[in-house]
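Reviewing the structure listed below.
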Amino acid sequence: MSAAEKATRTTHALIFELEYVAAKTRAVEFESVKSAVGTKGVELSPIMFSRSGMSPLHRSAVTDVLTQAGKKADAIEKAVAEVDKTVANYCENEAELDSGLAKLIKATQERGIPVVTFTALPVATAKKLMARLGLDALGVELIIPEEVKESFPRADDWLKMLKQCDKEHSTLVAVVSSQVACKGALTAGAACIVVPDEYTAFQDFSGAKMVLDSLEDEKPNAILDLTLRM
């Protein structure tokens, strides 16, 4: 590796959301939360779910939906446990790596640039998902945040994660799926590619370099040329 390539590796990085960009987990969360709150007499629609905040913490997600529907958020332990179990099972046994992301990772690594992912999942589930998607084998670094709050990842979360993986001074391209993640990444200085899902499609992504229905919609090198400013 040349000196210029080594310099690039230390000054640039690609970072993406593990469960929402790589594995499309939000649809699974919706169905499992819908089932959970159904036991409380709430018929959850995609719009209601979107408006609830869609916290990655399932206890908060269930509580927010019930509160929004005017129901008491008590005795929800069983419901939350069921959501946790459903999501964990999907991550371990059913999730597939987004094909567009796989191509973007390969193109990034061909430039000698490190690829990092972060998660709000419990450690054990995140590691099983990394193995399931083949991201371990691809050499993608996993960041487990020290703390995950009800609304995640905000700007302070990004700054802590970047410091954790020694990328706080790197030129970053962040691939995210929600307004919260986009605004947090922008505040932390990243260039953002947003790939919303059906629950986040109507959110505000002001400041993003690209908003794509799918990473397959744009060639990987076009994305990198636009965002990494090499």
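The values are calculated or read from the model by the stated rules, or taken from the named source; none is laboratory data. The shown structure was predicted, so the numbers you read here are calculated from the model rather than taken from an experiment. So basically every Cβ, Gly included, is an ideal-geometry build from the backbone, and we count neighbours across all protein chains shown. Side chains are part of the model used for accessible areas, which takes the heavy atoms of the whole protein and leaves out ligands, DNA and RNA. Shrake-Rupley method; radii C 1.70, N 1.55, O 1.52, S 1.80 Å.
What the table shows:
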quantity: Within the range 39-62, considering residues that are open to solvent by less than 40 Å² (accessible area, probe 1.4 Å) and part of a helix (DSSP H, G or I), the one nearest to A120 (Cα to Cα); calculated: H58
quantity: Test for K167: is it of a type in the set (D, E, K, R) and assigned to a helix (DSSP H, G or I); calculated: no
quantity: Candidate set: the range 138-186, residues that are polar (S, T, N, Q) and open to solvent by less than 30 Å² (accessible area, probe 1.4 Å); chosen: the one nearest to S55 (Cα to Cα); calculated: S178
quantity: Among the residues listed as L215, L228, the single one being modelled with pLDDT under 95 and open to solvent by less than 20 Å² (accessible area, probe 1.4 Å); calculated: L228
quantity: Exclusive hit being without any contact (Cβ under 8 Å) to a residue 12 or more places away in the chain and of a type outside the set (F, W, Y), set I105, I113, I76, I47; calculated: I47
quantity: Condition check for D197: farther than 22 Å from E218 by Cβ and not aromatic (F, W, Y); calculated: no
